[in-house]
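Written out below as structure tokens is the structure these notes cover.
The values are calculated or read from the model by the stated rules, or taken from the named source; none is laboratory data. These numbers come from a predicted model, not from an experiment. Cβ placement follows ideal geometry from the backbone for every residue including glycine, while neighbour counts extend to all protein chains displayed.
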Amino acid sequence: MPFTVALLHAHLKTVDLINREISFHLPHCYKFNILDETIFFEVIKNGLTPRILTRLVQHFSWAEQMKAHVIVNTAAILEPAVPICQKFVSTPILRFNEPMCEQALTEGHRICVLGSMDQAITAVADLLREVAGRQNRPLQMITKHVPEANEHLGMGDSDMHNRLLVEAVRQLAGQCDVIIVAQVTLLPLIPTLKYHIDVPVLGSAEPMIARLANIASSRTPTPLPYHPGEAGTKEVTLV
């Protein structure tokens, strides 16, 4: 059986973004997607309630039944729930932002968490603190919340959304060693952000794909190639 990844999404936009990256870098990986957007809106409104945790365990358990080798939670706002859900599922559940946090700590100790959604920033900031504590690394963290960008995006003005985030990055000059982007939906903007500041700007996709490649290599007799490749990645999305 080929190396199989289950991806749990809470936002439709992340399905295409993440699948495209995995298809590009791990073309021989089989993947399937579980999309539950109602979780996103319920967590925004009420937080991680017992009802939400039960639904997440159901999704993860179903992924396990489908013989996934690993499960990836792609939603930052759901990452605090992963350690709890892992107690009920034997298949490893990966937090999409964790490899990014680990990489950021190798770049420097002054780290900025950037985003337009407060809940995502808080979740990634908490994860960064957890990783720093586990690795016994120094951390001086700042957060940069740009709520106006999200408001403009909601009104369909993506240009103003992007300009506000670029301006926020410019304001961070000299304040940090590395910037991490808290939302998967902002990944397409990273090349633009990098152009406007002379420090690394990290997204979550590339570090996670490298992590998946390492896991795949340890499970298969012939390691999966980690490079741009054929469009042969198998995928299915369940909503």
Within the range 114-123, is there a residue that is assigned to a loop (DSSP other than H, G, I, E, B), assigned by TED's automatic domain parsing to the domain that holds residue 140 and touching a residue at least 40 places away in the same chain (Cβ under 8 Å)?
-> yes
Set 175, 103: member being touching a residue at least 60 places away in the same chain (Cβ under 8 Å), in contact with a Leu (Cβ under 8 Å, 6 or more places away or on another chain) and in the same structural domain as residue 198 (by TED's automatic domain parsing) | 103
Among the candidates 70, 124, 89, 113, residue that is touching a Ser or Thr at 6+ places or on another chain (Cβ under 9 Å) and over 29 Å from residue 217 (Cβ atoms) | 113
Under the condition of being in a loop (DSSP other than H, G, I, E, B) and loosely packed, with under 14 Cβ neighbours inside 10 Å, which residue from the range 3-50 is modelled with the lowest pLDDT?
-> 47
From the option list 146, 113, single residue qualifying as modelled with pLDDT of 95 or more, aliphatic (A, V, I, L, M) and under 26 Å from residue 47 (Cβ atoms) is 113
Restricted to the range 109-137 and to residues being among the small types (Gly, Ala, Ser) and more than 26 Å from residue 162 (Cα to Cα), the residue surrounded by the fewest Cβ atoms within 10 Å (Cβ to Cβ) is 133
